[in-house]
Amino acid sequence: MKSTIILIISVFLTLSFSHSINAQESKNQIVTDTLVVSGICDMCKERIENAALIQGVKKVSWSAETQTLIVVYRTDKVTIEEIAKSINEAGHDNGLFLCTDEQYEKLHSCCRYRDSDPH
Ligand SMILES: [Cu+2]
């Protein structure tokens, strides 16, 4: 009986200990960031979110209204700069980097968000 209680207590202590380590790890590694990303429509939203969803990125959500991408990612796997560059590849300027003309030209004509483009 006594040994059963000790076993239960030690299992409990082990579980709570490992749980706190996991919580600390995920707290350090997973962050939520926001990035301003230019775009117009639902097609842009899909393109931006797909481009942002690279390895190490957990969750993305872009709003046309706020021109802001909310991104949840693992800091040990990916950097916000890498995510921003992937968004450039898809043709969207963002708060960190602007697209090259070549990258921007790939956009569908209705998605040309720069002021110089009539739409
Ligand atoms: Cu669009």
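Values for this structure:
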{"read-out": "Which of ALA51, VAL78, TYR104, positive extreme of dipole for region 30-111 (C-beta unit charges)", "value": "VAL78"}
{"read-out": "Rough spin-label spacing in nm, given labels placed 7 Å along Cα→Cβ, for LYS106 and SER63", "value": "2.8"}
{"read-out": "Gain on full stretching of the segment that runs from CYS41 to LYS85 - 0.36 nm per residue minus C-alpha separation", "value": "13.8 nm"}
{"read-out": "Protection proxy ranking, peptides 78-87, 53-62, average beta carbon neighbours within 10 Å, highest first", "value": "78-87, 53-62"}
{"read-out": "Loop GluC sites (Glu not before Pro), region 42-76 (other Cβ atoms within 10 Å of the site Cβ: 14 or fewer; DSSP)", "value": "GLU65"}
{"read-out": "Amide H contacts of LYS59 (H built 1.01 Å from N, under 5 Å, at least 5 apart or other chain)", "value": "VAL72"}
{"read-out": "Computed magnitude of the charge dipole of region 30-111 (debye, nearest 20; Cβ of K, R +1, Cβ of D, E -1)", "value": "340"}
{"read-out": "Along each principal axis, Cα extent of region 30-111, largest first, Å", "value": "36, 24, 18"}
{"read-out": "Derived scalar couplings ³J(HN,Hα) [region 68-75; Karplus, 6.51 cos²θ - 1.76 cosθ + 1.60; whole Hz; x for Gly, Pro]", "value": "10, 9, 9, 10, 10, 8, 8, 5"}
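Any read-out appearing in this document is the output of simple, stated calculations on the displayed coordinates, not a laboratory observation. A quick note: this is a predicted structure, and the numbers were derived from the prediction, not measured. Here the Cβ is made from the backbone with ideal geometry for all residues, glycine too, and neighbour counts use every protein chain on show.
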